[in-house]
1. Exactly one condition in (1) within 14 Å of chain A (Cβ to nearest Cβ); (2) surrounded by 14 or more Cβ atoms within 10 Å (Cβ to Cβ); (3) without any contact (Cβ under 8 Å) to a residue 40 or more places away in the chain is false for B:Ala6; which is it?
2. What number of residues within the range B:80-105 are over 22 Å from B:His61 (Cα atoms), hydrophobic (A, V, I, L, M, F, W, C) and surrounded by fewer than 13 Cβ atoms within 10 Å (Cβ to Cβ)?
3. Just one of (1) surrounded by fewer than 19 Cβ atoms within 10 Å (Cβ to Cβ); (2) out of contact with any helix residue (DSSP H, G or I) (no Cβ under 6 Å at 6 or more places or on another chain) trips up B:Tyr413, so point out which.
4. Output the number of the condition that A:Ala41 fails; it satisfies all remaining conditions of (1) crowded, with 23+ Cβ neighbours inside 10 Å; (2) assigned to a loop (DSSP other than H, G, I, E, B); (3) within 13 Å of chain B (Cβ to nearest Cβ).
5. Is one or more of the residues making up the range B:241-256 modelled with pLDDT under 95, farther than 26 Å from B:Trp35 by Cβ, out of contact with any Ser or Thr (no Cβ under 6 Å at 6 or more places or on another chain) and more than 14 Å from chain A (Cβ to nearest Cβ)?
6. Within the range A:214-264, restricting attention to residues that are among the hydroxyl-bearing types (Ser, Thr, Tyr) and closer than 17 Å to A:Ile280 by Cβ, which residue is surrounded by the most Cβ atoms within 10 Å (Cβ to Cβ)?
7. Starting from residues that are among the small types (Gly, Ala, Ser) and under 20 Å from B:Trp289 (Cβ atoms), keep the ones in the range B:357-416 and report whichever is nearest to the chain's Cα centre (by Cα).
8. Helices (runs of 4 or more DSSP H) wholly in the range A:196-310 with at least 1 residues that are over 30 Å from A:Lys181 (Cβ atoms) and among the β-branched types (Val, Ile, Thr) - which ones?
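The values are calculated or read from the model by the stated rules, or taken from the named source; none is laboratory data. Given the structure is predicted, the values throughout are model-derived calculations rather than measurements. Cβ sites come from the backbone with ideal geometry, for glycine too, and all protein chains shown count toward neighbours.
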Amino acid sequence: MKYVLKVENVVKKFGDKVAVNNVSFSVKRGEVYSLLGPNGAGKTTLMSMIAGIIEPTEGKIEVLGGDPRESSIRAKIGYCPQEPVVYDNLTGLENLMFYAGLYGLSGREAKRKCNELLEFVGLGEYGKKPVRTYSGGMMKRLNFAIAIIGDPELLMLDEPTTGMDPRARRSVWELIEKLRKEGKTIILATHYMEEADVLSDRVAIMDLGRKVAEGTPEELKKEYGPRAVVNIELVKLKPEAIESIKRYASEGRVMVEENLLRVHVEDPDEVTPMIISELIKHGCRLNALRVSRPTLEDVFLKLTGRRLIE
Amino acid sequence: MIRWSAVKAFIVKELLEVFRSKEIMFWMIAWPILWVLLSAYIFVPPSIEQPMTLDIGVINHDIGSQAPMNGTYFIEILNTTEYKGVKLFRIKVYKNETKMIEDIRKGRLDGGFIIPKKFGENVTMGQTKLKVYIGARDVQSAQITNAILRGFVEGMNKMISLIKIKETLKYIPKNVREFVRSWSLGIAMPINATFVEVKPKVLMSRATIIGWFTIGALGMSMLYSGLSIGSLMVVEEKDRGTLKRLLASPMTSTEMLVGKTLAGLISLAVMSLLVIVAGHVMCGAKIIWNPTRLEHWLVPLLLIVVALFTIGLGSLLSLITRSVRGASALSTILGLMLSFLAGVWFPKWMMPTWIQAFADFFPATWAIDAIREIMVYELEMKEVMFKVAGSIVATVVVYGLGVVAYKHLLRKYAEA
C-alpha cells in the first residue's frame, strides 16, 4: 500500500465554528509529513480525526485502507498528544504497562517491551519512579514511549517539543530520526518552523483551518520564500568590484551600506564562491561572510501575512 | 468482543490509583471503620445493657420505732434493692428537707423520700403516708425516675400486703382460711399481672445493635464510594487529559466501562470485608456468615447489587457535573445524605413519615436491609427474596441508564 493516510475534503465544525475547512492530503509509507501552523490553525483537530477520536463533519479519512474509528485500525496508529497522558501516582513502567494492555500486550512480553521502550526514550533508570517526580521533558519522552507501545505503522506526534528547552527538543528530534530510519510513517503537527524544516519530507502549511500550501521544505521556500542574501563585510571596497558581481545577483540586486555588500541570489551554494573570487580579484579584502537563506517562517509570512509565533 | 488485556489493564491501573491515594483510602476504609467504632462506643456504649442506679435522698422521721417495717428498715430495703445484679438506688440520708429538695432541684439527686413519724406503726396497723419527690434532670430521666420510684413503692405495697395477709390468715379458722386468703389477695392485688419484655430480635443485645450499625456504615460508604466511582469514571480521565489518548487507542468504550466497574467492585469488596471485620472483631458486632446456608450466599450478591446500583447512579450524576471536584463533592454529599434519609445508616423508624416513605422506595435500602436481615436477624431465604429481587431489578435499570450516560459523556468530551 503506497499511501498510509488519505485525507479527502475533510471539514470539522463545532457548532458554527469551522475548525478544519476542506483539507485534503495523502501521506506515503515511510514519509515524515508535517502540519505546520500557529495555534488555532486546526492541526490538533485534524490529528484527532485521523486518530479516530472524533468524526469529520464532512469528507473522508482513510488510514491504512480503513476507517480510524475502527478498533483494529486504531491498533496500528500511535498517537502522542501535546499534554502528558500519564497517571501521576503510577510509575513510568506502570503507565507503560497500562497502555500496553490497551494494545493487547500482557505479561512478560509487555514488561519486556515496556523496559525496552523506557531505555529507548532514555528513561531506563526512572522506570520505577512515580511519574509525579518526572520533569516536563521526561513526561514528554514517556508520552513518546506510550505513542509507540503498540509498534504503530502510523505515528502521530502533536507538538512533541512544545515547552521544551533546546537540549530536550534535540533529544526528541533524535528519537524521531531513529523512528524514521526504522521506516515508520510519521505525521508531525508543530508550530516550530525549524522542527518542520529539519524533520519533514513534506510539509503542509495550515492557517485558520485551511491547508494553504504543501510540498517539501525546499520546494516551499523556493516557491514562496524570498531570495537568499549573501552578506559580505569588507575591509576595503572597490566600486568596480560591485559592477563585476552584479551578474551573479538575482535581477542584479546588489545593495551597498558603507563596507557591507548584500547580494540577492538564486542559489547561494553555487554563486557565493564566485562572488568571493571576483571580489578578491578586484583587490577587495574580506572581513566577514554570512548567508541568509529563506525559512518556512518566511513562507508562512508570505502566504498568510502573519508570523507563525506572534 | 471484549479484550481481557484491556479490561485487566484498567483494573490494575484503577486499583493502583485507589490504594495509593490517601484521600480515597480515608473515605473508603478509615471513615466507615470510624463510624462503626463511634456507633459501638458512643451510640451503643458497653453500659447500655446495665440497669441504671438512681441517686435518692431520704429523710427519716421514724427513728426508734419498734415496728417490724419501720423507717430504718425501709432505708435498708432501698439500699439493698438490686436489678440484674446492679443496685437500684444510691442513698443519701438528709436531716433537712429544704436541703434535700435543693439538691433535687440542682440535679444532684434523682428523687427523694420523706418517711413520716409512726411510719412503721401505721404500716403495720393500717395505712401510712410516704412523700416521694421525683427529680427532673431532663425529660427522659424524669420519666425513668418516676417509673422506677412508682414501681418500687408498688412493689413494697405488694410485699407488705402479702406479709399482712399471711400474718392475718394465722388467726382465721381453717375451714374459711382459703376463702379469706383469696378474698384478701383480691383486695390487695385484684390484678396479678405478669410482665414479659419482648424486644425485636435485632435489638436484643448490644452485639446485634452494633451489627445493625456495622452494616449501616458499610451501606453508607458503599453509597458515597459507589456514587463517586460512577460519577468520576469519565470526567476524571477528561480532567487529567488522558481521555483522548485512551480513545485513540484500540480500547473500546465497553472495555473501559467493564474495567472501571470491576475495579470499583473489587475496591468496594475489600472495603466491605474490612468494615465487617472491624465491626465484628473490634466492636463485637453480631454478624453471621454461614457458608452452609444458601441465603448467606445472597450477601455477596447483594453487595455487588448495591455497588452496581450506586455506580450506575453515580454515572447518571456525572451528567450534571463538569469536573472531578464537582463530581466528588456531589457524590460525597449525596451519599451521606442518602445514608441518613434512606434508612441505610440511621433507623428509618426514627425518621418523619415522608422520609420513611422515601426510604421504602430506595432500592439500595432494600439490598442493605436484606443483608442485615440475613447476617444480623438471621432471616431465611423466603423472607428476604422480595427485597433481593426488587433490588436486582432496580439495579439493572439504573446501571443500564448509567451506561447510556457514560457513552453520551464519552462522545461529548471527545468533541470538547
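1. (3)
2. The number of residues fulfilling the criteria is 1.
3. With (1) surrounded by fewer than 19 Cβ atoms within 10 Å (Cβ to Cβ); (2) out of contact with any helix residue (DSSP H, G or I) (no Cβ under 6 Å at 6 or more places or on another chain) applied to B:Tyr413, the lone miss is (2).
4. (3)
5. no
6. Filtering the range A:214-264 for residues among the hydroxyl-bearing types (Ser, Thr, Tyr) gives A:216, A:224, A:244, A:248, A:250.
If we keep only those that are closer than 17 Å to A:Ile280 by Cβ too, we end up with A:244, A:248.
Values: A:Ser244: 14, A:Tyr248: 20.
If we take residues in the range A:214-264 being among the hydroxyl-bearing types (Ser, Thr, Tyr) and closer than 17 Å to A:Ile280 by Cβ, then A:Tyr248 is surrounded by the most Cβ atoms within 10 Å (Cβ to Cβ).
7. Quick first cut of the range B:357-416, residues among the small types (Gly, Ala, Ser) only: B:357, B:359, B:364, B:367, B:370, B:389-391, B:394, B:400, B:402, B:405, B:414, B:416.
Going one step further and asking which of them are under 20 Å from B:Trp289 (Cβ atoms), we end up with B:367, B:370, B:391.
Numbers: B:Ala367: 18, B:Ala370: 16, B:Ser391: 23 Å.
In this case the residue turns out to be B:Ala370.
8. Values: elements: A:217-224, A:239-245, A:268-281, A:296-304.
Of the helices (runs of 4 or more DSSP H) lying wholly inside the range A:196-310, those with at least 1 residues that are over 30 Å from A:Lys181 (Cβ atoms) and among the β-branched types (Val, Ile, Thr) span A:239-245, A:268-281, A:296-304.
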